[in-house]
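Comments concern the structure below.
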Amino acid sequence: MISDEEKDPAEAVDQEFEETEETDGDPLAVLEADVMKWRELAVRTAADLDNYRKRSAREREDAIRYANQGLLEDLLSVIDNFEMGMLAASQDKSSMIYIGMDMVRRQMNDFLGNQGVTEIPAEGQMFNPNVHEAVSQEPGDEEGRVLRVHRRGFMLRDRLLRPATVVVAKSAMESDGEEG
């Protein structure tokens, strides 16, 4: 059985109109009640339309703001590989190759910043499952503190682009219990 809330608003008004006709004898009162019901329906419909327009505008804005998300996600793995190359080239920081790679790295970081991408702080922070992904645990001074970052994480404005993969500290008692 369909509840009153699930019925089409126009059908509900028609049903109320029929009920009003049956109970009231005054035709003017019936017409005034009918006008009020149709006014209420018009106001509700206008409000629904206004809400729909606002929601559509928000969704369009979000689609534009986050249109580059897929491209940026793919670019992050390229940047990871580039940084591994820089690490290998860092043995001779005075070489022209390293200096050139460092300039490109800075330019990529500037590009990411201009696109609204920010790095998620991780090392030394408390583990946050919303932005960090734990890959292992090691004994540490303070349980739940991020000890090392395996892969940097990034936010695109207020959305998670990629979580930081981290090593998290666990209490010394837990590690002693596992060894025994």
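Observations on the model:
- All Cα pairs of the range 117-180, percent lying beyond 15 Å: 48 percent
- Here's how it looks for Ile120: its modeled amide H is under 5 Å from those of Gly153, Phe154, Met155, which are all 5 or more places away or on a different chain.
- Here the 3J(HN,Hα) profile of the range 150-164, calculated from phi with Karplus coefficients 6.51, -1.76 and 1.60 at θ = phi - 60°, is 7, 9, 5, x, 9, 10, 10, 6, 9, 10, 6, 8, 7, x, 7 Hz, Gly and Pro shown as x.
- Distances between placed amide hydrogens fall under 5 Å for Gly140 paired with Lys170, Ala172, all partners being 5 or more residues away or on another chain.
- Cα gyration tensor, the range 62-122 - rounded (a/c under 1.5), prolate or oblate: prolate
- Cα shape, the range 26-180, gyration tensor, a/c 1.5 rule: oblate
- In this Cβ point-charge picture (+1 for Lys and Arg, -1 for Asp and Glu), the range 68-115 has a dipole of about 180 debye about its Cα centre.
- Positive dipole terminus of the range 117-180, leading residue within Ser136, Pro163, Val149 (C-beta point charges): Pro163
Read-outs: derived from the displayed coordinates by stated rules, not from any lab. Here the structure is a predicted model, which is why all the values come from computation and not from measurement. Don't worry about glycine lacking a Cβ; one is built from the backbone with ideal geometry, like all the others, and counts go over all protein chains shown.
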